[in-house]
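In what follows, a single structure is set out as structure tokens and then discussed.
The values are calculated or read from the model by the stated rules, or taken from the named source; none is laboratory data. Given the structure is predicted, the values throughout are model-derived calculations rather than measurements. No Cβ is skipped: glycine too gets one built from the backbone with ideal geometry, and neighbour counts run over all protein chains shown.
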Amino acid sequence: MEKKKQPHSTYEEGQGRPAVRKRIVDAATLEFMEKGFDGASMDGILRRAGGSKRTLYRHFPDKPALFNAVIREQSRQVGDGFLQDLSDARPPE
């Protein structure tokens, strides 16, 4: 039986393997926080995350795409925290 190839579009859109993607985004978050957008480099992010350049660029084609992923993840975390706070809040008695 012939094995089907995975479509490359999942990598181009930055989906791919969630654990690898998370490791890259976490490393990029630290790199951008410490060095800013201009000072951060894909090589520096790769050193923090580990792995290969090929994997990094499969998930994120360039630094702006990776920066956008960092911003989306940080926004998601803030939103999740806000929603949790709302659900924990009790109405005044």
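Whenever a residue of the range 74-93 is under 20 Å from M33 (Cα atoms), its partners that are in a helix (DSSP H, G or I) and at pLDDT 70 or above, lying with C-beta atoms within less than 9 angstrom and at least six residues away or across chains, give the pairs Q74/T29.
Within the range 17-41, the set of residues being modelled with pLDDT of 95 or more, out of contact with any helix residue (DSSP H, G or I) (no Cβ under 6 Å at 6 or more places or on another chain) and either closer than 17 Å to H59 by Cα or of a type in the set (S, T, N, Q) (or both) comprises D26, S41. Applying the condition of being surrounded by fewer than 12 Cβ atoms within 10 Å (Cβ to Cβ) and of a type in the set (K, R) to the range 66-93 and asking which residue is modelled with the highest pLDDT yields R76. Once the range 41-65 is narrowed to residues that are touching a residue at least 40 places away in the same chain (Cβ under 8 Å) and in a helix (DSSP H, G or I), the residue that is surrounded by the fewest Cβ atoms within 10 Å (Cβ to Cβ) is A65.
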